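*Asks:* Below is a structure I'd like to ask you about.
The values are calculated or read from the model by the stated rules, or taken from the named source; none is laboratory data. In this text the structure is predicted, and so the values were computed from the model without any measurement. So basically every Cβ, Gly included, is an ideal-geometry build from the backbone, and we count neighbours across all protein chains shown. Just so you know, the surface numbers come from the protein's heavy atoms only, side chains and all, with ligands and any DNA or RNA stripped out. Shrake-Rupley method; radii C 1.70, N 1.55, O 1.52, S 1.80 Å.
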Amino acid sequence: MTPAERWVEETAKVTRPDRVVWCDGSPAENDRLVEGMVKDGTLERLHPQEAPGCTLHRSQPTDVARTEHLTFIASGTQVDAGPTNNWMSPAEARNKVRPLFEGAMKGRTMFVVPYVMGPPGSPFSKVGIEITDSAYVVANMRIMTRMGRPALDQLGGSDEFVPGLHSLGDLSPDRRFIVHFPEERLIWSVGSGYGGNALLGKKCFALRIASTMAREQGWLAEHMLILELELPGGEVHYIAAAFPSACGKTNLAMLVSPFERKGYRVRTVGDDIAWLRPGEDGRLWAVNPEAGFFGVVPGTGPDTNPNAMATIRRDTIFTNVAVTPDGIPWWEGKDKSPPAALIDWQGKPWDRSGKAAHPNSRFTVAARQCPSISPRWEDSKGVPLSAIVFGGRRARVAPLVFQSRDWEHGVFVGATMGSETTAAATGQVGVVRRDPMAMLPFCGYNMADYFAHWLKMGRSLRAPPVVFHVNWFRADESGRFLWPGFGENLRVLLWMIDRVKGKGGARETPIGLVPTPDAIDFEGLGLQPAVRETLLRVDRSEWTAELPDIRAFFERFGERLPPELRRSVDVLADQLTAATA
Ligand code: GTP
Ligand code: SPV
Ligand code: MN
């Protein structure tokens with residue numbers, strides 16, 4: 001018996017399913033699963049011509065987003081989880097969470113889902129095995145990962161896999177736990193069927209567990225998109241960007257260039273997760289460990305993200321969108337006006353008052369269906385990064401873009417990122433919180449150590465990427481976005497590449513280097529001079545008002561915070577004072 005078979009057998013003894021099915025990832029298997037889910041109401045087939053091969057899943061109304069307050073790091077000691085993670089001792093997990101798995105799969109099928117995170121044949125790829133009693137999870141994992149045969153082939157008889165046990169349980173938030181054991185590299189998830197809570201290869205493995213592996217092994221697991229930017233003449237740059245959930249990663253990764261005819265083109269390497277490693281050339285190299293996109297549906301339309309629209313035209317699982325009576329999916333932002341009759345995300349006739357699609361409704365689709373997918377998206381070595389971009393959703397304070405002074409300052413910029421919360425996680429929406437590197441909910445260990453690891457990584461790179469910060473979401477008094485965003489974000493990327501090449505105008509400010517008024521091409525956007533000024537403004541008093549929150553956030557880490565970061569706050573404070581004086 002292989003270690004995997006042993007773990008499956010032991011698990012079945014606890015969960016007591018009616019049957020155990022090892023998934024091979026074949027189309028025939030998927031057809032059987034979908035057929036079964038259509039029969040039992042888990043899935044609805046959508047319009048055969050308008051949405052061929054597409055299905056709709058409506059989740060429990062209380063199971064529509066990640067539940068960060070029910071997500072735990074079960075490290076041996078609390079300090080290893082750090083002040084920003086919920087901690088549960090491994091003993092408490094055994095007492096409180098394990099019993100929820102006992103007999104949980106009675107009357108159900110236990111699916112064994114072997115999967116690979118990472119490009120096929122890449123030395124950086126890693127195997128996971130998810131055990132789940134949800135056919136919906138299996139269907140999603142088949143799209144999001146390299147599932148089945150390729151994983152078993154890579155694994156062989158080895159014990160090098162990350163086990164993840166998932167059960168829907170009774171779907172009650174009162175009996176929902178997502179627990180990570182970083183030392184054993186094990187994941188337990190019970191009580192939710194939703195994306196990041198249940199597709200264990202994604203946030204649980206590829207970020208929380210992988211970040212702990214990465215720290216030990218000298219690499220980084222990050223909540224980042226990866227894009228390819230081609231310039232006229234064929235010069236190519238790769239950029240990775242970390243924005244918090246529902247803050248624009250998928251959209252930036254699929255950007256359609258407004259200057260395509262001049263030879264500027266963007267292609268997609270990844271939209272949510274990047275594994276980064278120093279290369280022999282002293283640069284930082286990135287791979288996308290995923291095989292699909294689990295993307296935010298609302299706001300996706302022909303004007304904002306035509307590449308996503310083309311990607312999700314067929315063979316897509318939609319979760320919690322609205323639908324016409326004849327099965328055409330609909331959501332806010334798909335087109336100008338909703339169809340006459342619509343069934344909302346909960347399956348009720350839409351009364352046109354609230355949202356028809358849930359704000360965190362999602363599509364699951366294979367990356368290879370994306371028209372802008374880069375020919376190098378599965379490159380086993382990855383792609384070398386010219387720039388790393390941090391960004392948040394801030395109605396005020398943060399300018400459209402600024403550049404950090406060097407790697408150490410870039411780590412400070414990432415570590416102090418602030419962003420308004422979104423519908424991707426349960427809880428209040430629109431409150432500013434510190435979300436370092438967009439990893440607050442995804443770092444598997446003490447974030448003070450994570451910052452130290454980032455600093456150390458920079459020292460090991462001879463040619464580190466240049467670090468920038470962006471904010472597409474600056475708004476006016478009435479809440480309207482000042483910046484057109486989406487495709488026009490290319491203009492900001494082009495300034496970055498100018499800077500990478502030692503060109504492009506920039507002025508020093510206390511927070512870093514901000515473009516000079518003419519350094520970004522605003523031509524044709526119809527932006528008033530006052531709006532341009534606001535977009536690039538670094539307001540001393542607004543930034544000074546940020547300082548107490550930044551300091552309080554850093555205080556939570558106590559002595560463990562790298563001294564470089566504390567020094568950086570002091571430098572920022574001094575420069576803000578000097579600038580005001
Ligand atoms: P996760 O999948 O949760 O990690 O989200 P994400 O970071 O990939 O965010 P996504 O690209 O799906 O965008 C989230 C929402 O922000 C969508 O409704 C988008 O339409 C909107 N959005 C994305 N980019 C921009 C932009 O440049 N400007 C504006 N105004 N909205 C944007
Ligand atoms: C996010 O919330 O950052 C997502 C969706 O990408 S989930 O897979 O649910 O984490
Ligand atoms: Mn995400």
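*Asks:* When the chain is fully extended, how far beyond the present Cα-Cα distance does ARG480 get from VAL236, taking 0.36 nm per residue of separation? Walk me through the numbers on the way to the answer.
*Replies:* Working: separation 244, 0.36 × 244 = 87.84 nm, distance 3.42 nm.
The ARG480-VAL236 span can extend by a further 84.4 nm.
*Asks:* Which Cα, out of GLY36, GLY526, TRP472, lies furthest along the positive dipole direction of the chain (beta carbon charges, K/R +1, D/E -1)?
*Replies:* Working it through, the farthest residue towards the positive pole turns out to be GLY526.
*Asks:* For region 395-427, list residues with backbone N below 18 Å from a point placed 7 Å from the Cα of ALA579 toward its Cβ?
*Replies:* Those under the cut-off are 395-406, 409-418.
*Asks:* Let me ask something else. Could you give each residue of region 76-88 its phi-based ³J(HN,Hα) in whole Hz, using Karplus coefficients 6.51, -1.76, 1.60 with θ = phi - 60°, and x for Gly or Pro?
*Replies:* These are the phi-based 3J(HN,Hα) values: x, 10, 5, 5, 6, 7, x, x, 9, 9, 6, 10, 9 Hz.
*Asks:* As an exercise, use a Förster radius of 30 Å and the Cβ-Cβ distance of LYS13 and GLU559 to find the FRET efficiency, rounded to the nearest 0.05. All intermediate terms of the calculation are to be shown ahead of the outcome.
*Replies:* Values: r = 45 Å, r/R0 = 1.50.
Efficiency for this residue pair is about 0.10.
*Asks:* Grab the DSSP H runs of the chain that are 4 residues or longer, score each as -39,500 (n - 2.57), total them, divide by all residues and round the 222 nm result to the nearest 500 deg cm²/dmol. Don't skip to the end; give the middle numbers.
*Replies:* Working: 16 runs with 152 residues, N = 581.
The helix contribution divided over the chain gives -7500 deg cm²/dmol.
*Asks:* Please give the peptides 109-116, 32-39, 426-433 ranked by average Cβ packing (other Cβ atoms within 10 Å per residue), highest first, as a rough proxy for protection. Before the final figure, lay out each step's value.
*Replies:* Values: 109-116: 24.1, 32-39: 15.1, 426-433: 13.5.
Peptide ranking by packing, descending: 109-116, 32-39, 426-433.
*Asks:* Please give the net charge around VAL467, taking every other residue with its beta carbon less than 12 angstrom from that of VAL467, where Lys and Arg add +1 and Asp and Glu add -1. Numbers along the way, then the final one.
*Replies:* Working: positive: ARG405, ARG499; negative: ASP406, GLU408.
Combined, the nearby Lys, Arg, Asp and Glu give 0.
*Asks:* Under 20 Å from a point placed 7 Å out from the Cα of GLN49 along the Cα-to-Cβ direction: which residues of region 318-339 have their backbone N that close?
*Replies:* 323-330, 339
*Asks:* What residues qualify as long-range amide H neighbours of ILE73, i.e. H under 5 Å apart, gap of 5 or more or another chain, H built at 1.01 Å from N?
*Replies:* ASN86, TRP87, MET88, HIS180
*Asks:* Can you work out the Karplus-derived ³J(HN,Hα) for every residue in region 51-66? Use 6.51 cos²θ - 1.76 cosθ + 1.60 with θ = phi - 60°, whole Hz, and x for glycine or proline.
*Replies:* For region 51-66, the Karplus-derived couplings read 9, x, x, 8, 9, 10, 10, 9, 8, 4, x, 9, 9, 10, 7, 5 Hz, x marking Gly and Pro.
*Asks:* Same structure again: What figure, in Å² to the nearest 10, do you get for the accessible area of TRP483 with a 1.4 Å probe and non-protein molecules left out?
*Replies:* 10 Å²
*Asks:* Would you tally the net charge around GLY558, using a Cβ to Cβ cut-off of less than 15 Å, leaving GLY558 out, and scoring K and R as +1, D and E as -1? Write down the numbers at each step before the final one.
*Replies:* Details: positive: ARG551, ARG556, ARG560, ARG566; negative: ASP80, ASP449, GLU555, GLU559.
So the environment of GLY558 carries a net charge of 0.
*Asks:* Among all the aspartates and glutamates, which ones have a C-alpha under 16 Å from LYS106's C-alpha, if same-chain residues fewer than 8 places away are not counted?
*Replies:* The reachable aspartates and glutamates, counting only those whose Cα sits under 16 Å from LYS106, are GLU9, GLU10, ASP18, ASP133, ASP170.
*Asks:* Size of the dipole of region 131-202 about the Cα centre, Lys and Arg at +1 and Asp and Glu at -1 on the beta carbon, nothing else charged, in debye to 20? It would help to have the intermediate numbers written out before the result.
*Replies:* Details: 7 positive and 8 negative charges, 65 e Å.
The calculation lands at about 320 debye.
*Asks:* Would you please put 143-151, 123-131, 554-562 in order of how densely packed they are, using the mean number of other Cβ atoms within 10 angstrom per residue and starting with the highest? Numbers along the way, then the final one.
*Replies:* Details: 143-151: 23.8, 123-131: 21.9, 554-562: 15.6.
In decreasing order of mean packing, 143-151, 123-131, 554-562 become 143-151, 123-131, 554-562.
*Asks:* So, one more: Can you give me the distance in nm between label points at ARG567 and SER172, each placed 7 Å from the Cα along the Cα-to-Cβ direction?
*Replies:* Going by the 7 Å Cα→Cβ label model, 5.4 nm.
*Asks:* Further question: Give the accessible area for ASP335 in Å² (nearest 10); use a 1.4 Å probe, count only protein heavy atoms, and leave out ligands, DNA and RNA.
*Replies:* It works out to around 70 Å².
*Asks:* Continuing with the same structure: Mind checking the angle between helix 135-144 and the chain's longest principal axis? C-alpha axes, 0 to 90 degrees, to the nearest 10.
*Replies:* 40 degrees
*Asks:* If you take the beta carbon distance between HIS69 and ARG261 as r and set R0 to 60 Å, what does 1/(1 + (r/R0)^6) give as a FRET efficiency, to the nearest 0.05?
*Replies:* Details: r = 49 Å, r/R0 = 0.82.
Here the calculated transfer efficiency is 0.75.
*Asks:* I would also like to ask the following. For LYS501 and THR516, compute 0.36 nm times the residue count separating them, minus their Cα-Cα distance, and round to one decimal in nm.
*Replies:* Values: separation 15, 0.36 × 15 = 5.40 nm, distance 1.64 nm.
Between LYS501 and THR516, full extension yields an extra 3.8 nm.
*Asks:* Also, quick follow-up: With charges set only on the Cβ (+1 for Lys and Arg, -1 for Asp and Glu), what does the dipole of the chain come to about its Cα centre, in debye to the nearest 20?
*Replies:* On the way: 67 positive and 68 negative charges, 25 e Å.
Taking the Cα centre of the chain as origin, the dipole is about 120 debye.
*Asks:* Could you give the distance between the Cα centres of region 224-293 and region 472-531, to the whole Å?
*Replies:* 19 Å
*Asks:* May I pose another question? For the chain, give the share of DSSP beta bridges that are antiparallel, in percent and rounded to the nearest 5; count only bridges with both residues there. Walk me through the numbers before you get to the answer.
*Replies:* Details: 60 of 93 bridges.
The antiparallel fraction comes to roughly 65 percent.
*Asks:* Residue-wise, which Karplus ³J(HN,Hα) couplings in Hz belong to region 282-294, taking 6.51 cos²θ - 1.76 cosθ + 1.60, θ = phi - 60°, and x for glycine or proline?
*Replies:* Once rounded to whole Hz, the list reads x, 9, 9, 10, 10, 10, 9, x, 9, 10, x, 10, 10.
*Asks:* Here's something else I'd like to know. At a threshold of 8 angstrom on Cα-Cα distance, excluding pairs fewer than six apart, so keeping six or more, what relative contact order does region 332-437 reach in percent?
*Replies:* Values: 82 pairs, mean separation 17.8, N = 106.
Here the relative contact order equals 17 percent.
*Asks:* Let me ask another. Quick query: amide H of ILE328 versus all other amide H atoms, modeled in the peptide plane; which residues come in under 5 Å with a sequence gap of 5 or more or a different chain?
*Replies:* Amide H neighbours of ILE328: HIS47.
*Asks:* Related question: Report, to the nearest whole %, how much of the accessible area of the chain belongs to carbon and sulfur atoms, 1.4 Å probe, protein only. Provide the component values of the computation, followed by the final result.
*Replies:* On the way: 11190 of 22180 Å².
In the chain, the share of accessible area belonging to carbon and sulfur is 50 percent.
*Asks:* A further question follows. Return the subset of LYS39/LYS202; LYS456/LYS503; LYS96/LYS202; LYS13/LYS96 for which the Cα-Cα distance in this structure is over 21 Å, preserving the input order. Could you put the intermediate results ahead of the total?
*Replies:* On the way: LYS39/LYS202 28 Å; LYS456/LYS503 28 Å; LYS96/LYS202 24 Å; LYS13/LYS96 18 Å.
From LYS39/LYS202; LYS456/LYS503; LYS96/LYS202; LYS13/LYS96, over 21 Å: LYS39/LYS202; LYS456/LYS503; LYS96/LYS202.
*Asks:* Could you sort the peptides 447-457, 3-13 by per-residue average Cβ neighbour count (10 Å cutoff), highest mean leading? Intermediate values should be presented prior to the final figure.
*Replies:* Working: 447-457: 21.1, 3-13: 15.0.
Ranking the peptides 447-457, 3-13 by packing returns 447-457, 3-13.
*Asks:* Tell me the per residue accessible area of the chain using a 1.4 Å probe; a whole number in Å² is fine. Intermediate results must be reported in sequence, preceding the final value.
*Replies:* Details: 22180 Å² over 581 residues.
Each residue of the chain exposes 38 Å² on average to a 1.4 Å probe.
*Asks:* Please give the Cα centre distance for region 415-439 versus region 354-403, rounded to the nearest Å.
*Replies:* Centre-to-centre (Cα) distance: 16 Å.
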